Amino acid sequence: MAHGPAKGLSRWLFTTNHKDIGTMYLWFSFLMFFLGGLFALVIRAELFQPGLQIVEPAFFNQMTTLHGLIMVFGAVMPAFVGLANWMLPMMIGAPDMALPRMNNWSFWILPFAFAALVSTLFMEGGAPDFGWTFYAPLSTTYAPPSVTLFIFSVHIMGASSIMGAINIIATILNMRAPGMTLMKMPLFVWTWLITAYLLIAVMPVLAGVVTMMLMDIHFGTSFFDAAGGGDPVLFQHIFWFFGHPEVYIMILPAFGIVSAIIPTFARKPLFGYSSMVYATASIAFLSFIVWAHHMFTVGMPLAGELIFMYATMLIAVPTGVKVFNWVTTMWRGAMTFETPMLFSIAFVILFTIGGFSGLMLAIAPADFQYHDTYFVVAHFHYVLVPGAIFSITAAVYYWLPKWCGRMYDEAMGRVHFWIAFIGLNVTFFPMHFSGLAGMPRRIPDYNPLWADWNMISSVGAFLFGAAQVLFLYIVIRTIIGGKKASDEVWEASHGLEWTVASPAPYHTFSTPPEVK
Amino acid sequence: MEQKYEPYYVPEQSKFPLFATIGLFLTVMGLGNWLMEMSNGTEGKGQQVFLLGLVILLFVMWKWFGQVIKENHAGLNSAQLKRSYVWGMGWFIFSEVMFFAAFFGALFYVRTFALPWLSEGPTAEYLWNDFEAEWPLMTTPDMAANGEAATVLGPEKNMSNPGIANWFGWLPFWNTALLLASSVTVHFAHTSLKSGKNQRQFNLWLAVTVSLGFLFLVLQAEEYIEAYEHLGLQLNSGIYGTTFFMLTGFHGAHVTLGTIMLLVQLARSVTSWAWRLPPIIALIVAFYVALFGGHFALSIKLAMVGAACGLLIFVAAMKPNGIFHHDDCFGFEASSWYWHFVDVVWLGLFIFVYILG
Ligand code: HEM
Ligand SMILES: [Cu+2]
């Protein structure tokens with residue numbers, strides 16, 4: 001138990017240590033972030049001008065599909081799981097995750113799953129080309145042969161997520177140090193507890209829907225085939241029953257991160273802790289009854305349109321509570337603007353913009369106009385990039401000194417922030433306009449009417465990409481040559497993770513700390 | 001503080017996860033390639049890779065569970081660690097519930113929305129030649145459009161509810177009875193264990209449960225044979241065959257897994273391999289011959305499997321080794337929760353697939 005890490009490669013292959021596993025998750029996610037980013041740049045390069053310049057339409061479709069899949073399942077989700085691995089045991093005073101070997105298993109499935117997925121690019125017929133939402137019959141009747149491997153890689157990624165989530169719940173419910181009552185847990189722990197619950201509830205549904213596809217493709221069943229009495233719309237219902245909670249899976253842990261960072265740099269305790277907990281729980285609950293807002297134009301009965309419209313709008317209430325609490329935490333605080341705080345403030349502002357465009361989309365009659373246009377692309381990128389990605393970036397800056405014992409270069413961090421901030425807005429803000437002007441999503445060529453907006457977006461995208469290369473450089477430089485960090489790291493940091501040395505010893509809290 | 005605290009066992013390193021990953025990866029990718037080969041009619045190594053992966057995966061799981069059991073016997077597992085296992089199993093079962101929910105949801109959607117919409121207004125009139133919705137669906141929209149008659153016999157045959165007066169001649173009724181009884185017997189096994197005295201009784205009830213599981217599978221197979229060979233109802237006969245076989249098939253797969261889990265627990269609590277192997281081999285052989293060995297009458301099949309079950313029950317009751325302790329029997333308890341879960345899913349099937357079918 002008191003040993004340090006094993007030597008060489010075996011440390012990483014066979015480890016059961018939550019910090020090692022967290023590190024692997026984070027690096028894996030970083031790699032996927034660059035791969036998904038590369039695919040996005042292929043898309044943006046093609047869309048720089050109207051007309052077909054760089055890639056074939058068929059390849060363009062493979063790029064949009066793989067970009068979405070890799071960012072969602074390869075970059076954002078594993079990054080949050082990596083953060084959970086590193087931080088949850090330290091935040092609740094546990095010696096490790098509850099089921100350490102299964103933890104390693106959850107991680108190692110991912111590189112294999114994604115290797116299989118990406119390798120389909122080299123298959124005859126190409127990689128999946130039906131969008132990350134893989135609607136039937138595009139993904140069944142008209143799919144390339146690689147769809148079968150896609151289905152199985154989704155299966156094993158799902159297994160990885162479910163095992164990861166089970167581990168997180170068991171850790172939080174069972175491994176808290178004496179005195180760490182539920183309502184004393186940091187919000188990152190709370191949001192992850194609820195996220196893990198969502199994962200266990202919806203990943204099996206995703207497994208179910210890809211299984212139905214598999215059966216339709218290879219065994220002649222008719223789940224999604226009207227000729228046999230099924231319905232392609234059934235696919236959309238099941239997919240979005242998974243899909244909408246999935247978008248909250250990608251944002252709830254972000255709420256937890258921001259709720260840790262803002263109080264530190266505002267030097268005030270978080271405003272409205274318990275309302276944050278209840279708001280998170282309400283969002284999770286509501287996320288199960290809004291899925292058909294992705295399907296307003298599919299031809300649902302009026303009652304369905306109305307129910308899903310109002311339920312969706314309800315989500316704005318708990319979300320508003322959260323934004324209010326973050327702003328109020330900053331109100332009259334003694335604020336400083338270190339890099340994690342910059343990213344967090346940008347999170348609050350830009351995520352709110354994404355929330356508002358979400359509300360616009362939630363109005364069913366208006367969505368008839370917006371649906372499947374670049375306006376939707378703008379919406380979800382505003383919630384995912386400054387939402388999920390910025391919070392992950394903020395978390396890395398905030399906790400990296402604790403992980404590696406060294407401080408990043410503040411000036412460079414701020415440069416990274418500003419380039420990313422500008423790049424992201426230049427990329428995604430114009431999409432609102434091209435979308436409102438009617439530009440459909442997922443097309444390789446378009447009407448010159450939208451040329452200007454697209455050119456601006458493409459420039460912004462390359463700027464944002466450059467910012468991430470800088471990020472990689474900053475992280476590596478910190479790890480190999482940063483200044484020594486103190487144990488508290490931040491002046492007003494608060495929580496068990498700051499009571500251990502920097503870098504955090506290989507094993508922390510082998511005997512539980514006392515929580516007052 | 002120090003003294004009060006029982007340390008939480010964190011294994012130093014483990015090779016199991018990585019090898020399990022490799023096994024899993026080969027299994028699913030082999031299966032994927034095998035399916036692609038079958039659909040394209042090409043030759044390939046898919047099937048071999050699949051089997052290799054499966055063997056690796058099963059071997060690793062065998063070793064992994066064995067290791068955990070050893071650790072427990074070595075006293076490494078604190079009460080807190082055991083609680084982690086309990087949470088783990090509980091949430092795993094919840095994930096399985098959600099998997100089935102997707103399929104039940106599909107059944108509900110098809111019956112309540114998709115079929116009525118297909119048989120309404122211009123959709124039915126122009127696309128599907130006045131297709132009419134019915135359940136069980138015998139004539140699919142495609143067949144209606146081509147003016148073909150139903151190829152499936154029924155529906156008043158095996159699958160659907162023949163009316164309560166005829167339940168005794170209806171396989172699903174007997175399946176329900178078997179599974180409900182098995183939930184009770186596994187509970188009896190649990191109570192005999194909890195009472196702390198009676199290892200023999202524990203083994204007896206557990207063996208009875210396993211036997212009921214096997215008999216259920218025989219009946220289920222019989223039902224499938226009936227459907228395929230006599231009624232013409234197949235996986236690809238439209239949405240009724242789809243939902244029927246997928247729901248009952250996944251349930252059957254879970255019964256198989258649950259039976260194996262319970263059988264493993266039973267084997268663990270029999271004194272030695274010399275006593276474990278004969279009944280297990282007899283069971284596997286009887287089961288295999290009954291299902292694949294030729295066209296026996298159902299009563300013969302039941303008699304063959306039943307005889308092997310009798311041997312199992314007898315040996316189990318004669319040779320208990322008392323490995324499970326009344327307050328340390330997680331392996332058994334986890335399997336029994338799984339079994340209860342499978343039973344509850346069956347009740348859902350019985351109601352929504354059969355009675356309302
Ligand atoms: C106030 C909260 C939100 C509301 C009211 C909302 C509403 C909507 C609506 C109505 C759509 C469908 C638009 C269409 O396809 O026509 C949509 C799409 C989407 N939303 Fe949101 N949303 C909210 C928050 C979020 C969050 C937090 C995320 C993720 C972190 C997110 C991610 C997405 C994604 C990925 C899509 C597009 C999926 C696709 O078709 O590919 N949304 N949102
Ligand atoms: Cu949604």
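Of all residues in region A:215-229, exactly one satisfies the criterion of being closer than 15 Å to B:L247 by Cα and either more than 7 Å from every other protein chain (Cβ to nearest Cβ) or at pLDDT below 95 (or both), namely A:D216.
Go through B:V305, B:V344, B:V353 for me and flag whichever is at pLDDT 95 or above and touching a helix residue (DSSP H, G or I) at 6+ places or on another chain (Cβ under 6 Å). After applying the criteria, what remains is B:V305.
Looking for whichever is in a loop (DSSP other than H, G, I, E, B) and more than 14 Å from every other protein chain (Cβ to nearest Cβ) here; the options are A:V81, A:V42, A:V55. Which one fits?
Values: A:V81 fails: in a loop (DSSP other than H, G, I, E, B); A:V42 fails: in a loop (DSSP other than H, G, I, E, B).
That would be A:V55, the only listed residue that is in a loop (DSSP other than H, G, I, E, B) and more than 14 Å from every other protein chain (Cβ to nearest Cβ).
What about A:A378, is it among the small types (G, A, S) and either over 17 Å from A:A79 (Cβ atoms) or within 12 Å of ligand 1 (Cβ to nearest atom) (or both)?
Answer is yes for this residue.
Listed by position, the helices (runs of 4 or more DSSP H) contained in region B:41-153 that have at least 2 residues being aromatic (F, W, Y) and buried (at least 16 other Cβ atoms within 10 Å of the Cβ) are B:46-73, B:79-109.
Among the residues of region B:78-86, at least one is in contact (Cβ under 8 Å) with a residue 24 or more places away in the chain, among the small types (G, A, S) and more than 10 Å from chain A (Cβ to nearest Cβ). Residues of region B:5-51 being at the interface with chain A (Cβ under 9 Å from one of its Cβ atoms) and within 24 Å of A:M175 (Cα to Cα), which ones? B:Y5, B:P7, B:Y8, B:Y9, B:V10, B:P11, B:E12, B:Q13, B:S14, B:F16, B:P17 - these are the residues of region B:5-51 that are at the interface with chain A (Cβ under 9 Å from one of its Cβ atoms) and within 24 Å of A:M175 (Cα to Cα).
Here A:V323 meets the list (1) more than 16 Å from ligand 2 (Cβ to nearest atom); (2) surrounded by 15 or more Cβ atoms within 10 Å (Cβ to Cβ); (3) within 14 Å of chain B (Cβ to nearest Cβ) almost entirely, failing just condition (3).
A quick yes/no check of all residues on (1) surrounded by fewer than 20 Cβ atoms within 10 Å (Cβ to Cβ); (2) in a loop (DSSP other than H, G, I, E, B); (3) of a type in the set (F, W, Y):
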| position | (1), (2), (3) |
| --- | --- |
| B:F244 | no, no, yes |
| B:A253 | yes, no, no |
| B:G258 | no, no, no |
| B:L262 | no, no, no |
| B:Q265 | no, no, no |
| B:A286 | no, no, no |
| B:G294 | yes, yes, no |
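Condition (residue is crowded, with 21+ Cβ neighbours inside 10 Å, β-branched (V, I, T) and within 28 Å of A:G36 (Cβ to Cβ)) applied to region A:172-186: is it met by at least one residue? Checked region A:172-186: no residue is crowded, with 21+ Cβ neighbours inside 10 Å, β-branched (V, I, T) and within 28 Å of A:G36 (Cβ to Cβ). Of the candidates A:T328, A:T373, the single residue that is more than 10 Å from ligand 1 (Cβ to nearest atom) and among the polar types (S, T, N, Q) is A:T328.
In the set (1) within 9 Å of chain B (Cβ to nearest Cβ); (2) touching a Ser or Thr at 6+ places or on another chain (Cβ under 6 Å), A:G131 fails one condition alone, (1). Taken together, A:P137, A:P95 contain a single residue that is in a loop (DSSP other than H, G, I, E, B) and at the interface with another protein chain (Cβ under 8 Å from one of its Cβ atoms), which is A:P95. Are any of the residues in region A:280-303 of a type outside the set (D, E), away from chain B (no Cβ under 14 Å), away from ligand 2 (no atom under 16 Å from the Cβ) and under 30 Å from A:S29 (Cα atoms)? Among the residues of region A:280-303, at least one is of a type outside the set (D, E), away from chain B (no Cβ under 14 Å), away from ligand 2 (no atom under 16 Å from the Cβ) and under 30 Å from A:S29 (Cα atoms), which makes the answer yes.
Here are B:F214, B:F202: which of them is on the phi < 0 side of the Ramachandran plot, within 18 Å of the chain's Cα centre (by Cα) and in the same structural domain as B:C329 (by TED's automatic domain parsing)?
Working: B:F202 fails: within 18 Å of the chain's Cα centre (by Cα).
Among B:F214, B:F202, only B:F214 is on the phi < 0 side of the Ramachandran plot, within 18 Å of the chain's Cα centre (by Cα) and in the same structural domain as B:C329 (by TED's automatic domain parsing).
A:L31 meets all of the listed conditions (1) in contact with a strand residue (DSSP E or B) (Cβ under 9 Å, 6 or more places away or on another chain); (2) free of Cβ contacts under 8 Å to residues at least 12 places away in the same chain but one, namely (1).
Taking the stated definitions as given, is A:S274 surrounded by 15 or more Cβ atoms within 10 Å (Cβ to Cβ) and small (G, A, S)? When the stated conditions are applied, A:S274 does not pass them. Checked against (1) closer than 27 Å to A:P263 by Cβ; (2) part of a loop (DSSP other than H, G, I, E, B); (3) modelled with pLDDT of 95 or more, A:H494 meets all criteria but (3). Applying the condition of being more than 11 Å from every other protein chain (Cβ to nearest Cβ) and either of a type in the set (A, V, I, L, M, F, W, C) or under 17 Å from the mean Cα position of the chain (by Cα) (or both) to region A:158-188 and asking which residue is nearest to A:P100 (Cα to Cα) yields A:G164. Filtering region A:13-38 to residues that are more than 10 Å from chain B (Cβ to nearest Cβ) and of a type in the set (F, W, Y) leaves A:Y25, A:W27, A:F28, A:F30, A:F33, A:F34.
Name the pairs: first residue in region A:370-387 and within 19 Å of A:Y248 (Cβ to Cβ), second residue within 14 Å of ligand 2 (Cβ to nearest atom) and polar (S, T, N, Q), Cβ to Cβ under 6 Å, at least 6 apart or on different chains? Matching pairs, first to second residue: A:H379/A:S357.
The values are calculated or read from the model by the stated rules, or taken from the named source; none is laboratory data. Just so we're clear, the structure is a prediction, and the values are computed from it rather than from any experiment. Note that we place each Cβ from the backbone using ideal geometry, even for glycine, and neighbour counts take in every protein chain shown.
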